[in-house]
Amino acid sequence: MIDVINSHFANPSSLHALGFDAEKIVSEARARILTTLGIARGVKGELVFTSGGTESNNLAILGVVSSKKRKGNEKILVSAGEHSSVEKTVSRLEAQGYCVLRVPTRGGRLDLDFIYENANDVILASFMHVNNETGALYNLKEAFDIIKALSPDAVTHADCVQSYMKVRFTKKSLGADLISLSAHKINGAKGTGALYISPEIIKAKKIVPIVYGGGQEGNFRSGTENVYGIAAFGEAATEHFENMSCEIETMEKVRAYISEGLASLGLMVNEPLKHAPHIINVTIDGIRSETMLHYLSSKGIYVSSGSACASNSAKKASLALVSFGKTEDEADSSIRISLSPENTKNEADLLILNIKEAILSLQKKK
């Protein structure tokens, strides 16, 4: 990224030599990311660079809905406990009269019976691949197949921001028409993301832009491209793609080690039926999550309470955890531990030790 900042500062839409150089960098990054999705050669508009996962999700949802004429019976399916960039977007559409149905996710699985019962007249299904709070890994292909069988014209969207490079998948294995990605989840720069749009959706004009201007990114996202961030995104995608098997194995081992250590303290590890390798959610009864978060932070250990993207909002019980099956009190006493391939068992020991000491210290103060 620093190399591109220093040497390739031109607008990639410019027709001079420096502009062509910048455009090549964007094109190379696009090809690299498409490769990681199992696509050898993309078409125009097939991978649209955005400002991050939130914009990608908004483009997917609003872009699809805006492309259609209202009939009055349209359904939009999302999972219960979606990321706020999906939940708040569909809530706005709900206020405009659209029928939005939230698929139950108790225990960390999509309720396929609910999907089957409500899969008629669906115009859009938008599901996260991995829940960002519980780590639950959803079987999107099975869900999307049911929806397509009963609503062939429906558009399917997978929010893969939390699963990209943490779980092996391709465009084909997901069964998704649209896929949201974010650079900062794979050590790229914050403020960079992408939305994959299948050629079939482009050809059928089932999605329209929500940002208008100069027609960049295949006319789907106007505005001068963030060349520096895009370059870093492509580089990070290639590096993680080449090392993914080893990285997943490392995270799985540390995750299992932490889960066992927390269970040995008598804590309730909220284990989904299927999980991603990098997220652990644990309930610590009697201690608010924010209190535990601040205690651990003072020790140089950084965990989360709920979604970091919603941390500035008015405090409410986590929809993801309540949908998972926790009570509001339990949700308010749960923390999320996130891992990277660089985390070690020694760090895991420090985490477990400090949680144990935090419980003793905080309970004494009651």
Spans of helices (runs of 4 or more DSSP H) in the stretch 1-100 with at least 3 residues modelled with pLDDT of 95 or more and either under 20 Å from M165 (Cα atoms) or not aromatic (F, W, Y) (or both): 17-36, 53-66, 84-95
Filter result (surrounded by fewer than 21 Cβ atoms within 10 Å (Cβ to Cβ) and not in a helix (DSSP H, G or I)) within the stretch 186-208: N187, A189, K190, G191, S198, A204, K205, V208
Residue ID - surrounded by the fewest Cβ atoms within 10 Å (Cβ to Cβ), chosen from residues in the stretch 64-116 that are among the small types (G, A, S) and within 18 Å of the chain's Cα centre (by Cα): S84
Count - residues of the stretch 175-185 that are more than 12 Å from the chain's Cα centre (by Cα) and buried (at least 24 other Cβ atoms within 10 Å of the Cβ): 3
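Name the single residue that is farthest from H129 (Cα to Cα) among those in the stretch 101-114 being in contact with a Leu (Cβ under 9 Å, 6 or more places away or on another chain) and part of a loop (DSSP other than H, G, I, E, B). Spell out the reasoning first.
The first filter runs over the stretch 101-114 and keeps only residues in contact with a Leu (Cβ under 9 Å, 6 or more places away or on another chain), leaving 101-104, 107-110, 114.
Subset that is part of a loop (DSSP other than H, G, I, E, B): 104, 109-110.
Working: P104: 14, R109: 11, L110: 10 Å.
Filtering the stretch 101-114 for residues that are in contact with a Leu (Cβ under 9 Å, 6 or more places away or on another chain) and part of a loop (DSSP other than H, G, I, E, B), the one farthest from H129 (Cα to Cα) comes out as P104.
Would you say G286 is on the phi > 0 side of the Ramachandran plot and either touching a helix residue (DSSP H, G or I) at 6+ places or on another chain (Cβ under 7 Å) or not assigned by TED's automatic domain parsing to the domain that holds P104 (or both)? Lay out the reasoning, then the answer.
Values: on the phi > 0 side of the Ramachandran plot: yes; either touching a helix residue (DSSP H, G or I) at 6+ places or on another chain (Cβ under 7 Å) or not assigned by TED's automatic domain parsing to the domain that holds P104 (or both): yes.
So G286 fits the description; yes.
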Selected residue (criterion: surrounded by the fewest Cβ atoms within 10 Å (Cβ to Cβ)) from residues of the stretch 137-167 that are in contact with a helix residue (DSSP H, G or I) (Cβ under 8 Å, 6 or more places away or on another chain) and among the basic types (K, R): K141
Odd one out for G266 among (1) assigned to a loop (DSSP other than H, G, I, E, B); (2) at negative phi; (3) more than 22 Å from the chain's Cα centre (by Cα); (4) at pLDDT 95 or above: (2)
The stretch 209-220, residues that are crowded, with 19+ Cβ neighbours inside 10 Å and farther than 13 Å from L59 by Cα: Q216
Test: residue in the stretch 119-136 that is in contact with an Asp or Glu (Cβ under 6 Å, 6 or more places away or on another chain), surrounded by fewer than 24 Cβ atoms within 10 Å (Cβ to Cβ) and either part of a strand (DSSP E or B) or not aromatic (F, W, Y) (or both): yes
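The values are calculated or read from the model by the stated rules, or taken from the named source; none is laboratory data. It should be emphasised that the depicted structure is a prediction, and the values quoted were computed from it without experimental measurement. We place every Cβ from the backbone using ideal geometry, glycine too, and count neighbours over all the protein chains shown.
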